[in-house]
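In what follows, a single structure is set out as C-alpha cells and then discussed.
The values are calculated or read from the model by the stated rules, or taken from the named source; none is laboratory data. Please read these numbers as outputs of a predicted model, since none were measured by experiment. No Cβ is skipped: glycine too gets one built from the backbone with ideal geometry, and neighbour counts run over all protein chains shown.
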Amino acid sequence: MSATESETYWEDRYRDREAAWGTRPNAVLVDVLGGLDLTPGDSLDLGAGHGGDAFWLASLGWRVTAVDVSATALARVAEGAAERGLAVATEQHDLTRTLPDVAVDLLTATYFQTPLEIDRDAMLRRAVGLVRPGGTLVVIDHGNAPPGSRLAHAHHHFPSVAETWASLALDDGWDLVRIDAPVRRATAPDGELADLTDNVIVAQRQP
C-alpha cells in the first residue's frame, strides 16, 4: 500500500526533528490527569509523536500503546521506552484508514491536530469506540494557533471546545467530566510570546 498524504507529511516532519524533541509530557495533560482519580490500566495515545505523553503514562503504571502515522517517530518511541525501562507498545496507523485492535481504559488525544485536510472528527468518533465501559477519554486541543506553529500559516480552523464536544457525538452512555478552555502564556522558539487557549474535554464511559 502506498504512503498516504498524512504519512508522507509527518514522516518528513519527524525526520527533520531532533530525536529529543517532544519526549517530555504535555503539561496540560499532566495537570488534567492529576485532577482525576484513575487506576492505571490499558491506555492508547493517539498521535504519540516522540512519546512524551506515552513515557509519562507508562511511568505511572499505565500499559501504553502509542500510535502514530510516522514510522520514524515510533522507532524513536520504542528506543526511548527501552532506554527508560518502560513498557510502551507502538503501532503505526493512518487513523483515516485503520485503528489499533485494542480496548483501553484511557484514550488520550493531545494536540491531535494537523494542517492537512482530513476528517479528524470522524477519526476521534471511531477511536472512542475503543474505550471500555468505565474508561476515560481525554481530548486536549489548541484553541488557537501556537506561536511559530505551521497551523498558523495553514488557514487552519480551530474549533471551540463546545464545537469539539459536539463533534464527538457521544451517546447517553458517556458522562461529561470536564469541559473548559484555560488560557496560558506560551513562548515560540524565537522567543515570541502569545496567549494560547487549550480546549480540554474529559468524558467517562459509564460502566
What are the residue pairs meeting all of these: first residue in region 191-207, first residue farther than 16 Å from residue 166 by Cβ and small (Gly, Ala, Ser), second residue at pLDDT below 95 and part of a strand (DSSP E or B), Cβ atoms under 6 Å, and 6 or more apart or on different chains? 194/186
Write out, first by first residue and then by second, each pair whose Cβ atoms fall under 9 Å of each other, whose residues are 6+ apart or on separate chains, and whose first residue, in region 115-138, is exposed (fewer than 14 other Cβ atoms within 10 Å of the Cβ) while the second is of a type in the set (Lys, Arg). 133/205; 134/205
Any chance residue 171 is at pLDDT 95 or above and closer than 22 Å to residue 42 by Cα: no
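Within region 1-89, considering only helices (runs of 4 or more DSSP H) that don't extend past its boundaries, which have at least 2 residues that are free of Cβ contacts under 8 Å to residues at least 24 places away in the same chain and of a type outside the set (Ser, Thr, Tyr)?
Values: elements: 5-15, 27-34, 52-59, 71-84.
Per the criteria, 27-34, 71-84.
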How many residues, within region 86-113, are surrounded by 19 or more Cβ atoms within 10 Å (Cβ to Cβ) and β-branched (Val, Ile, Thr)? 5
Against the definition (closer than 22 Å to residue 7 by Cα, surrounded by fewer than 16 Cβ atoms within 10 Å (Cβ to Cβ) and over 15 Å from the mean Cα position of the chain (by Cα)), how does residue 78 come out, yes or no? yes
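Going through region 109-138 one residue at a time, which ones are part of a helix (DSSP H, G or I), of a type outside the set (Asp, Glu) and in contact with a helix residue (DSSP H, G or I) (Cβ under 7 Å, 6 or more places away or on another chain)?
First, the residues of region 109-138 that are part of a helix (DSSP H, G or I): 120-130.
If we keep only those that are of a type outside the set (Asp, Glu) too, we end up with 120, 122-130.
Hits for region 109-138 are 124, 125, 128.
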